[in-house]
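Student: A single structure is presented below for examination.
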Amino acid sequence: MKYACLPLRNFVRDFKLTNRLGADCFEATIDFIAGGKNIKIQSEVHIVTSYPDKSGMVYLLTREISVNELPTMFDADQELFEYIPNTNLRIEGTHHSAGKYVAFISPLKTAAVTY
C-alpha cells in the first residue's frame, strides 16, 4: 500500500478535509486553464490518500464537465501535484482532448466535509 504524495497529504491536513470516518470528500471551486480557455466550476471532490500502488487520487464528482472535455480524475503518479499553502491544490497534466492543463482546487470556505 502506498500513501499519498506530500502535497496531497498537506492539502488534506491544512484544510481539515478528513471527516471522523476517514473520508476526504468536500465541495470546492475548480479553476481549469486548458487550450487557451479558463473554466471555473463548482464540484464535490473526493480524495483517496491510500490506494494500492498509487500515490493519491483526486476525483471530481460533477456533471458540469465530461471526461471528453477535461479530466475528472487526477493521479499523483501521472500528474504534477503542488500544494500552495492555505490556498489550493495545483494539478498540472495532459488530457487526451484538452491537451496541457492546469487545475486549481480550492475548498469552499463554508463547505464542510460531505462524506
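Student: Please pick out the residue among E64, E92, E82 that is under 24 Å from K109 (Cα atoms) and at pLDDT below 90.
Tutor: E64
Student: Here is a further query. Evaluate the following for Y101: is it over 19 Å from K37 (Cα atoms), touching a strand residue (DSSP E or B) at 6+ places or on another chain (Cβ under 6 Å) and surrounded by 12 or more Cβ atoms within 10 Å (Cβ to Cβ)?
Tutor: no
Student: Kindly indicate the residue of the range 14-30 that is of a type in the set (D, E, K, R) and at pLDDT 90 or above and also nearest to H46 (Cα to Cα) among those meeting that condition.
Tutor: My answer is E27.
Student: Could you give every pair whose Cβ atoms fall below 8 Å, whose first residue belongs to the range 85-104 and is in a strand (DSSP E or B), and whose second residue is loosely packed, with under 14 Cβ neighbours inside 10 Å and among the hydroxyl-bearing types (S, T, Y), counting only separations of at least 6 or pairs across chains?
Tutor: Matching pairs, first to second residue: K100/T94; Y101/T94.
Student: For T49, which of the numbered conditions (1) crowded, with 20+ Cβ neighbours inside 10 Å; (2) at pLDDT 90 or above fails to hold?
Tutor: (2)
Student: While we're here: Could you tell me whether K109 is farther than 17 Å from L8 by Cβ and modelled with pLDDT of 85 or more?
Tutor: Spelling it out, it is not the case that K109 is farther than 17 Å from L8 by Cβ and modelled with pLDDT of 85 or more.
The values are calculated or read from the model by the stated rules, or taken from the named source; none is laboratory data. As the structure is a prediction and not an experimental result, all values here were calculated from the model. Note: ideal-geometry Cβ built from the backbone for every residue, glycine included; neighbour counts use all protein chains shown.
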